[in-house]
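The values are calculated or read from the model by the stated rules, or taken from the named source; none is laboratory data. Because the structure is predicted, anything quoted here is derived from the model rather than measured. Cβ: placed from backbone, ideal geometry, glycine included. Neighbour counts: every protein chain shown.
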Amino acid sequence: MEASQVAELIRAGMPDAERVEVTGGEGKFEALVVSPQFAGMNAVKKHQAVYATVRDQIDSGEVHALSIRAFPPDEAPDA
């Protein structure tokens, strides 16, 4: 699975996301996701929301590891 495919899965599962950037490969990825959905959520809830978008790929082993940085728009790092 390619990083672009992981990004598409996250975008499809989180259509309100303003920014989705995924890097990595060979089953190990890092994702930066910025979405208004994350406002008021703690870190665990944010990560659960992102993991839910790639759960099937994690279960199948296509995605072995996913490091997540998730922010609401007002807390997002600059590009």
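Quick notes on this one:
- Within segment 1-30, residues that are under 13 Å from Glu62 (Cα atoms) and in contact (Cβ under 8 Å) with a residue 40 or more places away in the chain have Cβ atoms under 8 Å from residues that are among the hydroxyl-bearing types (Ser, Thr, Tyr) and surrounded by 13 or more Cβ atoms within 10 Å (Cβ to Cβ) in these pairs: Leu9/Thr53, counting only partners at least 6 apart in sequence or on another chain.
- The residues in segment 23-52 that are within 18 Å of Asp78 (Cβ to Cβ) and surrounded by 14 or more Cβ atoms within 10 Å (Cβ to Cβ) can be counted, and the count is 7.
- Meets criteria (under 11 Å from Val6 (Cα atoms), of a type in the set (Phe, Trp, Tyr) and in contact with a strand residue (DSSP E or B) (Cβ under 9 Å, 6 or more places away or on another chain)) for Phe38: no
- Ala43 vs. criteria out of contact with any strand residue (DSSP E or B) (no Cβ under 7 Å at 6 or more places or on another chain) and either at pLDDT below 95 or charged (D, E, K, R) (or both): no
- Selected residue (criterion: farthest from Ser4 (Cα to Cα)) from residues of segment 53-79 that are among the hydrophobic types (A, V, I, L, M, F, W, C) and exposed (fewer than 13 other Cβ atoms within 10 Å of the Cβ): Ala79
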